[in-house]
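J.: Submitted below is the structure of interest, expressed as structure tokens.
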Amino acid sequence: MMYLPGFDIGAMPNHLNRSSIIAPIARGRRKFHRQTVMISRSDCVLEYTGEQLDEADGEIIMALIFFARPHPMGAPVPLNRAELLRKIKRSTGRNDYRWLHARIKAMTEATLFLEAKKRDGSTRYSIGRTVAFRIIAGFTYDDETETYSYNLDPRWVQMFSNKEYSLLDWDKRMQIGRGHDMAKTLQRLVATSSDLVQRYAMDWLKLKMEYASPVRKFRGALAAACNELERLGIVATWRIEVSTKGKPQLALWLPAPG
């Protein structure tokens, strides 16, 4: 039997946090990917089939992972829907339960293939090539007991191995203001590295965030997101600068530890 490592809520594998599988998309009709190679780093290939996921979906996934920790991976996990909704700071009305059901259903239908690479380009491990990897392996309702349960694929353990995961400050994440999903995306991204100064190419960030509007609007949205992170102390300061190659990039300074 395999178990996830012990951690608090807010954990997600680094390869997922660095990719575009979860993005700060606008409300409305979602893009549907079919074996799409998602934006990621060069040390990972991630192909995804399913609806584009947003930051709320990411929070559902992190909550489901957290609740599954005491259980053997692959075994049914009881789901207290009200507890999950409260964890992600949602109400517990009828519409919220419908929304949660729809999002879990979408993630149960979604599949991905992930190949992690070594520095020399060879494969370190791959997941989902021969047997489909579903973000949520199963979601059931028992009419007799009126209870919900879900299953996670045991291969989640492999993605969390060697401490290759980020652990977010969940309290600060829940304080990020409404309409600032881009700030949530950046919080997940900066958590993947211990570097106190991090730089990201603007064109890569725009692709990763599935942002379709012009660059001018993207710069404005990105500035608002960075200001929100600075307000909460997730970053100490930031600026948009020009790289040594003459390309615009985002520079973020994280608070010194302690």
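The values are calculated or read from the model by the stated rules, or taken from the named source; none is laboratory data. Here the structure is a predicted model, which is why all the values come from computation and not from measurement. Cβ coordinates were reconstructed from backbone atoms using ideal geometry, including for glycine residues, and neighbour counts include every protein chain displayed. Note: areas computed on protein heavy atoms with side chains; ligands, DNA, RNA excluded. Shrake-Rupley method; radii C 1.70, N 1.55, O 1.52, S 1.80 Å.
J.: Take the conditions assigned to a strand (DSSP E or B) and open to solvent by 30 Å² or more (accessible area, probe 1.4 Å) and apply them to Tyr211. Does it pass?
T.: Working: assigned to a strand (DSSP E or B): no; open to solvent by 30 Å² or more (accessible area, probe 1.4 Å): yes.
Criteria not met by Tyr211.
J.: What pairs come out if I take residues in region 243-256 that are over 20 Å from Lys206 (Cβ atoms) and pair them with residues that are of a type in the set (S, T, N, Q) whose C-beta lies under 6 Å away, six or more apart or interchain?
T.: Matching pairs, first to second residue: Trp253/Thr237.
J.: Quick check: is even one residue across region 74-87 within 23 Å of Met182 (Cβ to Cβ), in contact with a helix residue (DSSP H, G or I) (Cβ under 9 Å, 6 or more places away or on another chain), open to solvent by less than 40 Å² (accessible area, probe 1.4 Å) and in contact (Cβ under 8 Å) with a residue 40 or more places away in the chain?
T.: no
J.: Identify, by number, the condition in (1) out of contact with any Ser or Thr (no Cβ under 8 Å at 6 or more places or on another chain); (2) of a type outside the set (S, T, N, Q); (3) surrounded by fewer than 16 Cβ atoms within 10 Å (Cβ to Cβ) that Asp142 doesn't meet.
T.: The single condition Asp142 does not satisfy is (1).
Every residue, every condition in (1) of a type outside the set (D, E, K, R); (2) buried (at least 20 other Cβ atoms within 10 Å of the Cβ); (3) farther than 22 Å from His15 by Cβ, yes or no:
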| site | (1), (2), (3) |
| --- | --- |
| Val157 | yes, no, no |
| Leu167 | yes, no, no |
| Thr185 | yes, yes, no |
| Gly220 | yes, no, yes |
| Gly246 | yes, no, yes |
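J.: A follow-up question, please. Please find, within region 222-244, the residue that is nearest to Arg178 (Cα to Cα) out of those that are part of a loop (DSSP other than H, G, I, E, B) and open to solvent by 50 Å² or more (accessible area, probe 1.4 Å). Lay out the reasoning, then the answer.
T.: Step one: list which residues in region 222-244 are part of a loop (DSSP other than H, G, I, E, B), which gives 232-236, 243-244.
Right, trim to open to solvent by 50 Å² or more (accessible area, probe 1.4 Å) and you get 236, 244.
On the way: Ala236: 21, Thr244: 35 Å.
The extreme case among them is Ala236.
J.: Also: Out of region 33-49, which residues are touching a strand residue (DSSP E or B) at 6+ places or on another chain (Cβ under 6 Å), in contact (Cβ under 8 Å) with a residue 12 or more places away in the chain and either part of a strand (DSSP E or B) or surrounded by fewer than 20 Cβ atoms within 10 Å (Cβ to Cβ) (or both)?
T.: Here is the first cut: in region 33-49, the residues touching a strand residue (DSSP E or B) at 6+ places or on another chain (Cβ under 6 Å) are 33-38, 40, 43-49.
Now drop any that are not in contact (Cβ under 8 Å) with a residue 12 or more places away in the chain, which leaves 33-36, 38, 40, 43-49.
Selection gives His33, Arg34, Gln35, Thr36, Ser40, Asp43, Cys44, Val45, Leu46, Glu47, Tyr48, Thr49.
J.: Applying the selection to region 53-73, what residues are assigned to a loop (DSSP other than H, G, I, E, B) and open to solvent by less than 30 Å² (accessible area, probe 1.4 Å)?
T.: Residues of region 53-73 assigned to a loop (DSSP other than H, G, I, E, B): 54, 69-73.
Asp54, Met73, listed by residue number.
J.: Could you list, in sequence order, the residues of region 245-254 that are part of a loop (DSSP other than H, G, I, E, B), at negative phi and over 22 Å from the mean Cα position of the chain (by Cα)? Explain how you work it out, then say what you get.
T.: Narrowing region 245-254 to residues part of a loop (DSSP other than H, G, I, E, B): 245-247, 254.
Retained after the next criterion (residues that are at negative phi): 245, 247, 254.
Lys245, Lys247 - these are the residues of region 245-254 that are part of a loop (DSSP other than H, G, I, E, B), at negative phi and over 22 Å from the mean Cα position of the chain (by Cα).
J.: Still on this model: For region 1-32, which positions are among the polar types (S, T, N, Q) and not in a loop (DSSP other than H, G, I, E, B)? Spell out the reasoning first.
T.: Pass one, region 1-32, residues among the polar types (S, T, N, Q): 14, 17, 19-20.
Asn14, Asn17 - these are the residues of region 1-32 that are among the polar types (S, T, N, Q) and not in a loop (DSSP other than H, G, I, E, B).
J.: Quick one: Trp204 ticks every box in (1) within 19 Å of the chain's Cα centre (by Cα); (2) aromatic (Phe, Trp, Tyr); (3) farther than 29 Å from Gly28 by Cβ bar one, so which box is it?
T.: If we test Trp204 against (1) within 19 Å of the chain's Cα centre (by Cα); (2) aromatic (Phe, Trp, Tyr); (3) farther than 29 Å from Gly28 by Cβ, just (3) comes out false.
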